[in-house]
Amino acid sequence: MKKLFGLLLLSIFLFPAFAEPTNYTYNYDFWLEQVASPDAYRVGAYILGTTLGIGHFRDPQGLTIRDNRLYLCDSGNNRIIKIVVQENGDHVVEAVVSSVLIDGQESRFNYPMDIFENRNGDLYIADTNNQRVLILDNNWNYKSSILKPDDESLDEFMDFLPFKLVVDFANRLFIQARNVNKGLMEFDNRGEFSGYMGANRVTVNIIDYAWKLISTQAQRDRMDLFIPTEYSNVALDKDGFIYVTNATGQTDPVRRLNAMGQDILIRNGYEDPVGDLVFGNAGGISGRSRFIDVVAFDNDSYACFDRTRGRIFMYDFQGNLLYAFGGVGNREGTFVQPVALDRMGYSLYALDSRTAALTRFDLTGYGLLINEALNEYRAGRYEASAEVWEDVLKMNGNYDLAYIGIGRAALRQGEFQKAMKYYKLKHYREGYGKAFQLYRKEWMEENLWKILVVLGVVFLLPPTVKFSLKTVKEIREA
């Protein structure tokens, strides 16, 4: 017994990583079964208003990050907090702002739900219950306001309640407002309303549609209308494309919109990026994942925040699930009511309105390798990418995407047989088909002369032999 206790004590000192707090991290395989994996992220900081010395947060709703500056909308307290993250990782409050001076008069915020800093340093604030968007400079000085546009497409009796917004590189403002389901409201760089972009697709249940055809007018009036749903959040990537999320779970939960409002998100994974592929009703939580926010990384991967089960799903540029982690709960690394997600470098900041806490997740060595492999591939360094994927496999031999990543790099390098081998190992049919097609073409080009020789022998040899025999016979008879 003493010997066993001694070994246990020794293992704690020799392998301290096992004593660190972890989150349940998993992925899905080809058979849509959850496969546990090493942690890609771990909790690096758990931030409360009290730990920052500014009192409790109350129902915070919005979060945005620019460089090392973090802005948090403490909506229930009607204030916005600017936090600077220092080089040592400390979070220092730089400003707590609850009002703005307009023409010399103090105008207080009323439940601000989102904030965005554009490239020029100007701040755009969705001051929701004041029914306006405020535009301030980087010293919090008032510049202008955007109010409800005078447009016939808007019901004159409907309140203008902006709750999420982004500003693109051309200083066009895109707003998601309450009860607006025509897409994002677009305003030009002068603040003029331009129209809508990127409305959600309408999904129609065929049974409901057929029932409506045979129903009376009174019955149809009581049925749900086939109308688009409004977005739950909006984000901007490094190329100026807009990511949007839809928390209804009835249509594409995440989309990437171009300037025309068309969805250009790539969906080449086992399944579309929809969060959990298999789910039950454990703990009274049921239904599919509902994305409440999204953030894009420089390597074109993106993370989605699931309101249903408090999980963060990370996808690569092809729509493959890299890993999922988090959950519902009151301990660090879990959430009760997720509302916002953003990043600082590779670190993720996740906001929970119910616990009024901001959680920072930092990459582990395992997560760093996965992102390094993606970066190498995006930079065109395919051999280096394959080498990093090999290192990932040493840490997690069940990681399907590492096999696919090696196959993808081999395909780019023209090693089609190797690509076919790795694709086949993980049943990646689309990649295998492409590799096989290219291998077949290469084989045909290399062996065409052999094929022609064989065909020549097959078709020319018999008549030649026959002619020779006939000639010899004629000579003998002569």
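If packing is taken as the mean number of other Cβ atoms within 10 Å per residue, what is the order of 342-351, 307-316, highest first?
On the way: 342-351: 20.5, 307-316: 23.4.
Put in order of decreasing packing, that is 307-316, 342-351.
Along each of the three principal axes of the Cα atoms of segment 364-478, give the extent in whole Å, ordering the values from largest to smallest.
The principal-axis extents, from largest down, are 94, 25, 21 Å.
Using unit Cβ charges (K, R positive; D, E negative) and no other charged atoms, how large, in debye to the nearest 20, is the dipole of the chain about its Cα centre?
Values: 53 positive and 61 negative charges, 386 e Å.
Its charge dipole is roughly 1860 debye.
Pop a pseudo-label 7 angstrom from the Cα along the beta-carbon direction at both Leu393 and Glu332 and give the gap in nm to one decimal.
Each label point lies 7 Å from its Cα, and together they span 3.6 nm.
With label points built 7 Å along Cα→Cβ from the Cα atoms of Phe157 and Thr50, find their separation and express it in nm.
4.6
Toward the positive end of the charge dipole of the chain, about the Cα centre and with charges on Cβ (Lys, Arg +1; Asp, Glu -1), which of Gly326, Phe467, Ala296 goes farthest?
Positive-most Cα among the choices belongs to Phe467.
For the chain, what is the calculated [θ] at 222 nm in deg cm²/dmol (nearest 500), taking -39500 (n - 2.57) for each run of four or more DSSP H residues and dividing by its residue count? Please list the in-between numbers first.
Working: 8 runs with 128 residues, N = 478.
Theoretical 222 nm ellipticity from helices: -9000 deg cm²/dmol.
How big is the shadow of the Cα convex hull of segment 88-203, averaged over all directions, in nm²?
Numbers: hull surface 38.6 nm².
Mean projected area for segment 88-203: 9.7 nm², to one decimal.
Work from the charge dipole of the chain (Cβ charges, +1 for Lys and Arg, -1 for Asp and Glu, about the Cα centre) and give the residue of Ser153, Thr25, Ile115 farthest towards its positive end.
Thr25
Which peptide among 144-153, 57-66 comes first, and what is the full order, when sorted by highest mean count of other Cβ atoms within 10 Å?
Working: 144-153: 12.9, 57-66: 21.0.
Per-residue Cβ counts within 10 Å, averaged per peptide and sorted highest first, yield 57-66, 144-153.
Starting from 0.36 nm per residue, how many nanometres of slack lie between Gln417 and Thr471 once their C-alpha separation is accounted for?
14.4 nm is the gain from fully extending Gln417 to Thr471.
Suppose the chain between Ile102 and Glu192 were pulled fully straight at 0.36 nm per residue; how much longer would it get relative to their current alpha carbon spacing? Let's see the in-between values first.
Numbers: separation 90, 0.36 × 90 = 32.40 nm, distance 2.01 nm.
Extra length from Ile102 to Glu192 when fully extended: 30.4 nm.
Tally Lys/Arg at +1 and Asp/Glu at -1 over every other residue whose Cβ is under 12 Å from the Cβ of Leu363; what's the total? Each step should come with its number before you reach the end.
Working: positive: Arg42, Arg343, Arg360; negative: Asp39, Asp362, Glu372.
Charge balance in the 12 Å sphere: 0.
Please identify the helices of the chain, taking whole runs of DSSP H, that span at least 27 Å along their own axis as judged from the Cα atoms and have a mean Kyte-Doolittle score of -0.5 or higher. Mind dumping the intermediate values first?
Working: long enough: 429-477 (66 Å, -0.06).
In the chain, the long hydrophobic H runs are 429-477.
Just to be sure I understand, if you calculate mean projected area of the Cα convex hull in nm² for this structure, which of (i) 41.1; (ii) 27.3; (iii) 30.2 do you get?
Evaluating mean projected area of the Cα convex hull in nm² on these atoms matches (i).
So how strong a dipole does segment 64-195 carry about its Cα centre when Lys and Arg Cβ are +1 and Asp and Glu Cβ are -1, to the nearest 20 debye? Numbers along the way, then the final one.
Working: 14 positive and 22 negative charges, 45 e Å.
So the magnitude is around 220 debye.
Report the net charge of residues surrounding Val457, where surrounding means a beta-carbon distance below 15 angstrom and charges are Lys +1, Arg +1, Asp -1, Glu -1.
Details: positive: Lys450, Lys466; negative: none.
Residues near Val457 contribute +2 overall.
Residue separation times 0.36 nm, minus the C-alpha to C-alpha distance between Arg267 and Trp31: what's the value?
On the way: separation 236, 0.36 × 236 = 84.96 nm, distance 1.78 nm.
That works out to 83.2 nm of additional length.
Which pairs in the list Lys82/Lys394; Lys82/Lys238; Lys148/Lys238; Lys421/Lys450 are over 31 Å apart, alpha-carbon to alpha-carbon?
Working: Lys82/Lys394 42 Å; Lys82/Lys238 22 Å; Lys148/Lys238 29 Å; Lys421/Lys450 26 Å.
Beyond 31 Å: Lys82/Lys394.
Work through the residues other than Ser232 whose Cβ is under 10 Å from its Cβ and net out their charges, Lys, Arg +1 and Asp, Glu -1. Kindly include the intermediate steps, with their values, before the conclusion.
Values: positive: Lys164, Arg290, Arg307; negative: Glu230, Asp293.
Combined, the nearby Lys, Arg, Asp and Glu give +1.
Arranged from highest to lowest average of other beta-carbon atoms within 10 Å per residue, in what order do the peptides 265-273, 28-36 appear? Intermediate values should be presented prior to the final figure.
Details: 265-273: 17.1, 28-36: 12.2.
Order by mean packing, descending: 265-273, 28-36.
Read-outs throughout are calculated quantities, based only on the coordinates presented, and are distinct from any laboratory measurement. Everything numeric in this text was worked out from a predicted model, so none of it was measured. Using ideal geometry, Cβ is built from the backbone for each residue, glycine included, and neighbour counts are taken over all protein chains shown.
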